[in-house]
Structure formats: structure tokens, C-alpha cells
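A.B. asks: So that we are looking at the same thing, I have put the structure below in C-alpha cells.
The values are calculated or read from the model by the stated rules, or taken from the named source; none is laboratory data. None of the values given here were measured: they were computed from a predicted structure. Note: ideal-geometry Cβ built from the backbone for every residue, glycine included; neighbour counts use all protein chains shown.
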Amino acid sequence: MAINSNHLLEELDGVRCIIVEKNLTAERVAFLKPILEYNTLKVVVVTSPPPKVAAAATPVVEGESAPTPAVEIPETYTMGVTNMLFNTINAVYGRLLRTPDGHVVTPAYWHQEEAVSHDEIPYYER
């Protein structure tokens, strides 16, 4: 167990991994995976288990089937890397990751707030 939530360790598909992010959409996986692979990290992506649904408040009468929830749960993913020394916060704020076009990955770019990484402006001056 990690001392803090910055170093989560789990086994994904039988491989011990440091968790990069959980509950990712397919678009977020498509954004992050090339960045991490470009930086020579082996990436493991698995489907996240569905969240637990609270029990229905309406009582079920004997002989009737339970009501099915109308809300469709989107498929989410968990992403991890096999490098046990990797820390997402240190990598982003320590300017250790690069984009495939050669720029430094900034916090705004990592969180997809910017389409292009503006690494010439430090994050603390924004």
C-alpha cells in the first residue's frame, strides 16, 4: 500500500504497474498513451470494473422482477506503466515528459486544457 495516493501500485493484466490514472475515457487513453510510449514507458491499459450501484429504494414485490436502472454506465479504463519509479506529478511538474513534436509536457497540456504545449511559459507564471 502506498503512503500517499501519488504512488498507487496495482496488478493490471498480471503485470505490476504504477497507476497513471483511473476511470479514463477512450479519448483520454488515446491522448495519454502515445505521450507515455514516446517517453519509453511501457503502458498497460485495462477496462475498469463498473461502479457499484446503490440498491433501489422501491421495494420489490414477490414474483416481480427487480427494476433495471435506466442509466447507461460508460466504459472506463485504468492506465498504468511498468516503471516502478514513475510518478505522474513528478514527471509533469518536473518537466520530464516530452511530446512527440519535442515540446515539454506542461500541466495544462497534460489535463488537455491546451491543444499545444506552451513550454516556454512556466506553470507558476500563468
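A.B. asks: Which numbered condition in (1) closer than 30 Å to E125 by Cα; (2) modelled with pLDDT of 80 or more; (3) exposed (fewer than 15 other Cβ atoms within 10 Å of the Cβ) is the only one that A26 fails?
C.D. replies: Only one criterion is unmet by A26, namely (1).
A.B. asks: I've got another one for you. Taking segment 91-126 only, how many residues are touching a residue at least 12 places away in the same chain (Cβ under 8 Å) and not hydrophobic (A, V, I, L, M, F, W, C)?
C.D. replies: Counting residues in segment 91-126 that are touching a residue at least 12 places away in the same chain (Cβ under 8 Å) and not hydrophobic (A, V, I, L, M, F, W, C) gives 14.
A.B. asks: A further question follows. Could you look through segment 48-74, keep only residues that are surrounded by 10 or more Cβ atoms within 10 Å (Cβ to Cβ) and within 20 Å of V20 (Cα to Cα), and pick out the one that is modelled with the lowest pLDDT?
C.D. replies: Here is the first cut: in segment 48-74, the ones surrounded by 10 or more Cβ atoms within 10 Å (Cβ to Cβ) are 48, 50, 56, 60, 69.
Next cut, within 20 Å of V20 (Cα to Cα) only: 48, 50.
Numbers: S48: 87, P50: 76.
Ranking the qualifying residues of segment 48-74, first place goes to P50.
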